[in-house]
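Bear in mind that the values in this text are calculations on the coordinates, not laboratory data. If you're wondering where the values come from, they're calculated on a predicted model, not measured in any experiment. Every residue, glycine among them, receives a Cβ derived from its backbone with ideal geometry; neighbour counts consider all protein chains shown.
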Amino acid sequence: MAPGEGLSMKELAPGVQLWRPESDLLHDPNVVPQEPGCRQVLVGLPLGECGGVAMANKVIVELGSRSPQRLYGNHPPTHGADSTADFVGMGARFGIAPADISPGQPYVISAHGAAPSVAREAKASGLQVFDVTCPLVYRTHEAIKRVAEVAGGRVAYISFGKPDHPELVGAAGVAAEHEIPFDVIGNREHVDALATSAQPGETIVVVGQTTNNSDQAGELAEYLAAQAAQRGITVGRAASRDVCHTVRDRQESTRLIVARRVGSLVVVGSVNSKNTESLAKVGAEEAQRSGRPLDIYLVNSWGQLPILGGDVGVVSGASTRAQNVHGVTTRLAPRHGVTEVGVDTDKGITFLPVDAKTRALISGEEPTSLRQG
Ligand code: SF4
């Protein structure tokens, strides 16, 4: 397996049914409750858009209202399918090379972060750069930069997703900028290869993707520490702490819900969202551990669900709108109501952009200029 590819759902949880809808964007605000309703719904907290996603969307909306120019970005600001569709509907365009955009237009770096060269190239093309990198992703970039100060330092970056995930690509770009050796590890074979190639006297600093499965990341970090110790190689930092609070807490709610013997688990979110996919994997792992059957449905809105009976768990990704979750719980029409499971650690948390110009845009201060990079 190539570094960063991770395990597919089939390999991770053979025998667990995963159902994917044809279209990710099917959405209807006029929810029709199913008949008959299911028995009970257990809904996982937190739900709705996390602080980082809300901040990114707020910047885009604010820019859209202030700037008559077309908005561009290196990538959709988040993986939220509905918000991305809305922004594209507003005229925003994502993934276009800065050199192909007329100078003066606003250009947004997404919440996943990007290599420093992306903003540099955009500024060199005369674009106005606004950076909505989530502060928690930015924290991992800062951790990578500090490795440059460690003699013999190198980064082991834990990621179980695709090698082209924008968060991983951005982190690799930060390491490249500072000429720091950067290895992606997603399984024990990757760790064995790294431990073999590293030299005694080197220090491996472990960093991880914010949307990883927290248990899986913790186990891999421990395995790396054990392998490196046998070769006299120092390992620093626990990557499991890079899994952000809202992702970790949504995974924990998923475990609690599956432990309560639901027959179906509905994961509400975009099919291209890593943290949504992680919730499905956590549910599958938990079901496998308990030996009980579990049907998992990955949907973006209520209209993609089949009729479900019995007790149903509903959990949601960090870029999923709360209204989509409410649409699903309404559709399921539980005869014994909806019970919340977990703790809403997102409540009351708001994020500001780490970039001063972007922060000024949404904090009420007048930006120095919307026309300068
Ligand atoms: S999921 Fe976590 S890291 Fe990603 S945008 Fe939300 S708060 Fe930030």
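With a Förster radius of 45 Å applied to the beta-carbon distance between Ser67 and Glu222, the computed FRET efficiency rounds to 0.40. Computed extension length for Asn272-His178: 30.9 nm, one decimal, from 0.36 nm per residue of separation with the Cα-Cα distance subtracted. For the chain, the Stokes-Einstein estimate of translational diffusion at 20 °C and a viscosity of 1.002 mPa s comes to 99 µm²/s, using the Kirkwood hydrodynamic radius over alpha-carbon pairs. By the equivalent-ellipsoid construction on the alpha carbon gyration tensor, the stretch 69-192 comes out with semi-axes of 29, 17, 11 Å, ordered largest to smallest. Three semi-axes describe the equivalent ellipsoid of the stretch 187-285; taken as square roots of 5 times the Cα gyration tensor eigenvalues and ordered largest first, they are 32, 12, 11 Å.
Each of Leu294, Ser278, Val338 was placed along the dipole of the chain (beta-carbon charges, centred on the mean Cα), and the one lying farthest toward the positive end is Val338. Placing unit charges on C-beta atoms (Lys and Arg positive, Asp and Glu negative, everything else neutral), compute the dipole magnitude of the stretch 139-279 about its Cα centre in debye, rounded to 20. Roughly 480 debye for the stretch 139-279. Classify the stretch 58-128 as rounded, prolate or oblate, taking a ≥ b ≥ c as the square roots of the eigenvalues of its Cα gyration tensor: rounded when a/c is under 1.5, otherwise prolate if a/b is larger than b/c and oblate if not. Oblate, because a/c is 1.5 or more while a/b does not exceed b/c. Take the chain and mark each of the GluC sites (Glu not before Pro) that is in a DSSP loop with at most 15 other Cβ atoms within 10 Å; the longest unmarked stretch, sites excluded, is 180-364. Considering only Ala143, Gly170, Val247, and ranking their Cα positions along the charge dipole of the chain that arises from unit charges at the beta-carbon of Lys, Arg, Asp and Glu, the one farthest toward the positive end is Val247.
Helix-only arithmetic for the chain: the sum of -39500 (n - 2.57) across DSSP H runs with n ≥ 4, divided by the residue total, places the mean residue ellipticity at 222 nm at -11500 deg cm²/dmol.
The distance from the alpha carbon centre of the stretch 93-153 to that of the stretch 224-277 is 26 Å, rounded to a whole number. A Förster radius of 41 Å combined with the Cβ-Cβ distance from Arg146 to Asp86 puts the calculated FRET efficiency at roughly 0.65. The residue list Val258, Gly91, Ser214 was ranked by how far each Cα lies along the charge dipole of the chain toward its positive end, using unit charges on Cβ atoms, and Val258 comes out on top. For the stretch 138-231, the pair-distance distribution built from all alpha carbon pairs, in bins 5 Å wide starting at 0, is 3, 14, 27, 25, 21, 9, 1 percent. Extent of the stretch 208-339 along its three principal axes (Cα atoms, max minus min coordinate, largest first): 59, 31, 22 Å. The charge dipole of the stretch 26-145, taken about its Cα centre with unit charges on the Cβ of Lys, Arg, Asp and Glu (plus for the first two, minus for the last two), comes to roughly 380 debye. Annotated for the chain: lysine pairs at least 8 residues apart or interchain, Cα distance under 21 Å, count 8.
For the stretch 251-373, the relative contact order works out to 28 percent when only alpha carbon pairs closer than 8 Å and six or more residues apart are counted. Taken about its Cα centre, the chain carries a charge dipole of about 360 debye when Lys and Arg each add +1 at the Cβ and Asp and Glu each add -1 at the Cβ.
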